[in-house]
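The values are calculated or read from the model by the stated rules, or taken from the named source; none is laboratory data. Not measured: the values here are computed from a predicted model. Positions of Cβ are backbone-derived with ideal geometry, glycine not excepted, and every protein chain shown enters the neighbour counts.
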Amino acid sequence: MIEGITDEPSTNLVNEHINTVHDFEPDWIIGIGGGSPMDAAKALWLFHEHPDLSFEAATKPFELPELRSKSKFIGIPTTSGTASEISNLTVITNSETGVKYPLASFELTPDLAIIDPVMVESMPKRVTAYSGMDAVTHSIEAYVAKPRTTFTDALAIEAAEILKNHLLSSYQGNQESREQVHYAQAMAGMSFANAVLGNVHSLAHKSGPTFEVPHGCANAIYLPYVIQFNRSVVEDRFAALARRIGLEGQTDKELVDSLIEWIRELNREMDVPNTLHEFGVSEEFFKEHVDTMAENAVQDPCSGTNPRETSVDEMKQLLVAAYYGQEVTI
Ligand SMILES: [Fe+2]
């Protein structure tokens, strides 16, 4: 058993533990915990099956070699958000460069997921808020992503409605709501595993390690700004989702405004920041890194499925808006 993985997984972490997995020769690998331990277990699974695979080769989307010649995989989440127990991803930071990559392949989809609300009964409030906002982001990004289908739409929009009705109540300690959120995050996972995601995740992946913003918190910050940016191409989709989850508005524009305001209000009520500045990133540190982050974010695989094409300059403007809390008008 490998225990005590609390940080988001990295290549160093894989190197530290891979020999334990090789020596044990497991028939099944069980990833149990939040997104980080499950992603770490998936990465150890991958490099146990293919010890000679380079990290660089593994980052090429949907080009991983076959798994399961040695082990199969079970995911058991103890938080409600990442859906790593469902998804075809493991998100790993390259320890040499500090850059975070989602490794994507249907080979990484677990053989079995055990989604049991008992596992999240004692989830801390902050984890409930951050992981819950990750799930909200999954449902909204998947609903507008380029590869979306009727099937992924159904899962995404139902998940969004359940999260609208239950996330705040789960945060406040209601166990029935916590159960509903646990199911909704898995549904959002089934959706985004097929529809993929968008710029919110690109920005979260590429800024998270440097600014030390946890994944769900980063998504919660970026989501309203990316909706403002994407609304010029998918306003009707955002409006349909807003209407379905019960938000007010006579026109598509009003509905999308309501969606953005709902996210910001939910963040405030769960003590989640709405800007990078509010999170505590210093202006000097932000300015030092913003250009590299914008370049890296454009290259993240999630940018390719964002509904609107995004240049490096536009990605930088999104980061600047999210730092200072400015409206995105591009
Ligand atoms: Fe996520």
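Test Asp313 against the stated conditions and say whether it is out of contact with any Gly (no Cβ under 9 Å at 6 or more places or on another chain), assigned by TED's automatic domain parsing to the domain that holds Val196 and over 29 Å from Ala193 (Cβ atoms).
Yes, satisfied.
For Thr59, state whether it is within 16 Å of the ligand (Cβ to nearest atom) and either within 18 Å of the chain's Cα centre (by Cα) or basic (Lys, Arg) (or both).
The answer is no for Thr59.
Give the residues of the stretch 284-315 that are farther than 19 Å from Gly98 by Cβ, charged (D, E, K, R) and free of Cβ contacts under 8 Å to residues at least 40 places away in the same chain, sorted by residue number.
Passing the criteria: Glu309, Asp313.
Hey, can you tell me all the residues within the stretch 159-198 that are within 13 Å of the ligand (Cβ to nearest atom) and at positive phi?
Across the stretch 159-198, the qualifying residue is only Val196.
Can you tell which of Ile29, Ile2 is more than 16 Å from the ligand (Cβ to nearest atom), without any contact (Cβ under 8 Å) to a residue 60 or more places away in the chain, in contact with a Ser or Thr (Cβ under 7 Å, 6 or more places away or on another chain) and over 21 Å from Gly189 (Cα atoms)?
Ile2
Within the stretch 153-165, can one find any residue that is touching a residue at least 60 places away in the same chain (Cβ under 8 Å) and among the basic types (Lys, Arg)?
Checking the stretch 153-165: at least one residue is touching a residue at least 60 places away in the same chain (Cβ under 8 Å) and among the basic types (Lys, Arg).
Just to be sure before I move on: is Val181 of a type in the set (A, V, I, L, M, F, W, C) and within 28 Å of Tyr324 (Cβ to Cβ) in the structure I sent?
no
Pairs needed: first member in the stretch 226-243, in a helix (DSSP H, G or I); second member anywhere, surrounded by fewer than 22 Cβ atoms within 10 Å (Cβ to Cβ) and among the aromatic types (Phe, Trp, Tyr); C-beta distance under 8 Å; at least 6 residues apart or different chains.
Ala242/Trp262
What's the number of the condition Pro102 fails, among (1) assigned to a loop (DSSP other than H, G, I, E, B); (2) under 19 Å from Ala41 (Cα atoms)?
Of (1) assigned to a loop (DSSP other than H, G, I, E, B); (2) under 19 Å from Ala41 (Cα atoms), only one is false for Pro102: (1).
Which of the residues spanning the stretch 81-139 are over 12 Å from Ala193 (Cβ atoms), within 16 Å of the ligand (Cβ to nearest atom) and touching a Pro at 6+ places or on another chain (Cβ under 6 Å)?
Correct list: Val91, Ile92, Thr93, Lys100, Tyr130.
Val14 - would you say it is more than 21 Å from the chain's Cα centre (by Cα) and surrounded by 13 or more Cβ atoms within 10 Å (Cβ to Cβ)?
no
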